[in-house]
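Encoded as structure tokens, the structure appears first; notes follow it.
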Amino acid sequence: MKRLVAAVALGSLALVTLTGCSDEGAPVSFDGPSASAPAPATGKGRAAAAKTLMPTGPKAEFTTQNTLSDGTKIGVTTLHGEKSGFTGKVWVWAPPQYFDPTYARSGFPVLIALPGGNGYPNNYWMGTDLKLQSSISEWSKEGKSLPFIVVMPVLNPDDKHYYDGSDIPGQPKMGTWMTEDVPDFVRANFRTFTSRDGWAFMGSSSGAFVGLKSVLKHPDKFKAVIASGPDLVPDSPLWSGHEAQKQANNPEKLAKALGAQPDTKDHEVYLAFQVGSKESGLGNVESFMKTYTKGPVKTRLQVIPDGEHNARTYVKGMGDGSIQWISRHMQAPIPSP
């Protein structure tokens, strides 16, 4: 039922058409200044280069989906996932700092943003109405957020089922798509960081489940998640007959196993939960946190005053503290003289 509520509350946002953008559909490039930047000589330049992975290629062809007031673009492309075999759309946005020559030799942190509802055929975070990208731009200027590259893949392969961001036997491999193909695509096209310190998820409702599960299942690849109004257990009907695989994608099981490991920097994950004060589910989140906040599993809860189960509420919560908390634990871009 919770996911049905999410679909009703958020579904209208997924249908937004961005007709106000005069250059919608025009080619757009995310090439930064690194191509003409000299090799770093000393100091911070070398430090940035040591932590940075330059775009590996091959380059994707992007078209403009929308344009922000600061001139930055939200682009879209179709990704053919080599590892999953799934083909779907991915939207991307790079912050203004990405194009600043000061950061020409530095990687940037990545935030994989997932919608609620079915998240197909669109990811509603690609619109400007929710102000996710423009908020991150402003927060980064205020020192509240890192200047994240925001990546917005489709969440499911169709609008009929939830696939729990998992490789359900006999179904499209959405777990591999989300945690392998999408990051590989980002590394191919953007300056990123070589360590997991530069990788995080955020999501609403069913998207929050996928982000949460992905971080707990792959703490070697991802460090943090902002999970807003999350589902906390897998509940796709497609798991029928595959109980062992289902439990292998259960955040409760994954958090318990990770929490039992030594509390070392190599395993620490940061789970930033958000719940609106007017929505249900707060008790479930508090119970999850009480049970599984152990060892390398670090948690934080943002209760959003007068907040409901919708994306606008969750962007507000991010600005109230969640984005700042995960940013403190992630790798920031390194300027070079």
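The values are calculated or read from the model by the stated rules, or taken from the named source; none is laboratory data. Please read these numbers as outputs of a predicted model, since none were measured by experiment. Note that each Cβ is placed from the backbone with ideal geometry, even for glycine, and that neighbours are counted across all protein chains shown.
Considering only segment 259-334, give the helices (runs of 4 or more DSSP H) lying wholly within it that have at least 2 residues that are surrounded by fewer than 22 Cβ atoms within 10 Å (Cβ to Cβ), within 20 Å of the chain's Cα centre (by Cα) and not polar (S, T, N, Q).
Values: elements: 282-292, 311-317, 323-328.
Because the criterion is at least 2 residues that are surrounded by fewer than 22 Cβ atoms within 10 Å (Cβ to Cβ), within 20 Å of the chain's Cα centre (by Cα) and not polar (S, T, N, Q), the helices (runs of 4 or more DSSP H) in segment 259-334 that meet it are 311-317, 323-328.
Only one of (1) without any contact (Cβ under 8 Å) to a residue 60 or more places away in the chain; (2) small (G, A, S); (3) on the phi > 0 side of the Ramachandran plot; (4) touching a Lys or Arg at 6+ places or on another chain (Cβ under 7 Å) is not met by G85, so which one is it?
(1)
Go through (1) in a loop (DSSP other than H, G, I, E, B); (2) of a type outside the set (S, T, N, Q); (3) within 20 Å of D164 (Cβ to Cβ) one by one and return the number of the condition A255 breaks.
Of the numbered conditions (1) in a loop (DSSP other than H, G, I, E, B); (2) of a type outside the set (S, T, N, Q); (3) within 20 Å of D164 (Cβ to Cβ), the odd one out for A255 is (1).
I'd like to verify a number: residues in segment 196-221 that are surrounded by 24 or more Cβ atoms within 10 Å (Cβ to Cβ) and in a loop (DSSP other than H, G, I, E, B), how many?
Number of matching residues: 1.
So, in segment 146-157, exactly how many residues are crowded, with 24+ Cβ neighbours inside 10 Å, in a loop (DSSP other than H, G, I, E, B) and touching a residue at least 60 places away in the same chain (Cβ under 8 Å)?
2
I need every pair where a residue in segment 253-278 that is closer than 26 Å to S204 by Cβ has its Cβ under 6 Å from the Cβ of a residue that is among the polar types (S, T, N, Q) and assigned to a helix (DSSP H, G or I), sequence separation at least 6 or different chains.
If the second residue must be among the polar types (S, T, N, Q) and assigned to a helix (DSSP H, G or I), the pairs left are K253/Q247; A272/S322; Q274/S322; G276/T313.
For segment 298-321, what are the residues that are among the small types (G, A, S) and out of contact with any Leu (no Cβ under 8 Å at 6 or more places or on another chain)? Walk me through how you get there before you give the answer.
Applying the first criterion (among the small types (G, A, S)) to segment 298-321 yields 307, 311, 317, 319, 321.
Across segment 298-321, the qualifying residues are G307, G317, G319, G321.
Yes/no matrix, rows are residues, columns are (1) in contact with a helix residue (DSSP H, G or I) (Cβ under 7 Å, 6 or more places away or on another chain); (2) closer than 15 Å to R191 by Cβ; (3) modelled with pLDDT under 95:
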residue: G81; (1), (2), (3): yes, no, no
residue: T87; (1), (2), (3): no, no, no
residue: V90; (1), (2), (3): yes, no, no
residue: P95; (1), (2), (3): yes, yes, no
residue: R105; (1), (2), (3): yes, yes, yes
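Quick check: anything in segment 91-113 free of Cβ contacts under 8 Å to residues at least 40 places away in the same chain and within 19 Å of A332 (Cα to Cα)? Spell out the reasoning first.
As a first pass, look at segment 91-113 and keep what is free of Cβ contacts under 8 Å to residues at least 40 places away in the same chain: none.
So far as segment 91-113 goes, no, none of its residues is free of Cβ contacts under 8 Å to residues at least 40 places away in the same chain and within 19 Å of A332 (Cα to Cα).
One residue is enough: does segment 50-64 have a residue meeting the conditions modelled with pLDDT of 95 or more, among the aromatic types (F, W, Y) and within 17 Å of S134 (Cβ to Cβ)?
There is no residue in segment 50-64 that is modelled with pLDDT of 95 or more, among the aromatic types (F, W, Y) and within 17 Å of S134 (Cβ to Cβ).
Conditions: (1) touching a strand residue (DSSP E or B) at 6+ places or on another chain (Cβ under 6 Å); (2) part of a loop (DSSP other than H, G, I, E, B); (3) crowded, with 22+ Cβ neighbours inside 10 Å. N66 meets all but one. Number of the miss?
(2)
For segment 69-82: of the residues being in a strand (DSSP E or B) and free of Cβ contacts under 8 Å to residues at least 40 places away in the same chain, which is nearest to D181 (Cα to Cα)?
If we filter segment 69-82 for residues that are in a strand (DSSP E or B), which is where we start, we get 73-80.
Next cut, free of Cβ contacts under 8 Å to residues at least 40 places away in the same chain only: 77-78, 80.
Details: T77: 14, T78: 12, H80: 8 Å.
That would be H80.
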